[in-house]
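The values are calculated or read from the model by the stated rules, or taken from the named source; none is laboratory data. This structure is a prediction, so every number in the text was calculated from the model and none was measured. Glycine gets a Cβ as well: all are built from the backbone with ideal geometry, and neighbour counts include every protein chain shown. Heavy atoms of the whole protein, side chains included, go into the accessibility calculation; ligands, DNA and RNA do not. Shrake-Rupley method; radii C 1.70, N 1.55, O 1.52, S 1.80 Å.
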Amino acid sequence: MTKYEMLYILDTALADEAKEAIIKKFEEVVSSNGTVEKTDRWGVKKLCYPINYKNEGFYVLMTFEAEAAVVQELKRIAQITDGVIRRLITKR
């Protein structure tokens, strides 16, 4: 299994419960066929440039170990999840 990092930005307009639900959903996808090492909630930070007329986002960094198929599934789920502004998955 390969180690990865997933940095994603959530919409600040979401309620705290909705943010936690999205974070938990991503962790469950990884846990089904891998292991989540750590999930860091960086909090609200200013974006470098406006995305969808928003200037701030809630940053989350998740480090995990999984197969390539799990990464593809994470990309697919992040793309169709409302509230996710951007995501980036890289190998560690």
Exercise for the section: Using a Förster distance of 25 angstrom, determine the FRET efficiency expected from the C-beta separation of residue 15 and residue 46, and round it to 0.05. Expected result: 0.75
Practice task
Grab the beta carbon distance between residue 1 and residue 24, set R0 = 35 Å, and tell me the FRET efficiency rounded to 0.05.
Solution key: 0.95
Completion exercise
Checking the chain for chymotrypsin sites (Phe, Trp or Tyr not before Pro) in a loop per DSSP with at most 15 other beta-carbon atoms within 10 Å yields 53
Exercise for the section: Find, among the GluC sites (Glu not before Pro) in the chain, those assigned to loop by DSSP (not H, G, I, E, B) with at most 15 other beta-carbon atoms within 10 angstrom. Expected result: 67
Exercise for the section: For the chain, report the convex hull volume of the alpha-carbon atoms normalised per residue, in Å³, without decimals. Expected result: 87 Å³
Fill in the blank from the handout: The percentage of the accessible area of the chain (probe 1.4 Å, all protein chains present) made up of carbon and sulfur atoms, to the nearest whole number, is 49 percent
Exercise for the section: Kindly report the accessible area of the chain per residue (heavy atoms of protein chains, probe 1.4 Å, no ligands, DNA or RNA), in Å². Expected result: 61 Å²
Practice task
Could you work out the relative contact order of the chain, using alpha carbon pairs under 8 angstrom and six or more residues apart, expressed as a whole percent?
Solution key: 49 percent
Fill in the blank from the handout: Rounded to the nearest 500, the 222 nm mean residue ellipticity computed for the chain from DSSP H runs (n ≥ 4, each -39500 (n - 2.57)) alone is -11000 deg cm²/dmol
Exercise for the section: For the stretch 1-53, just say rounded, prolate or oblate: build the C-alpha gyration tensor, square-root its eigenvalues into a ≥ b ≥ c, call rounded for a/c under 1.5, and beyond that prolate if a/b exceeds b/c, oblate if not. Expected result: prolate
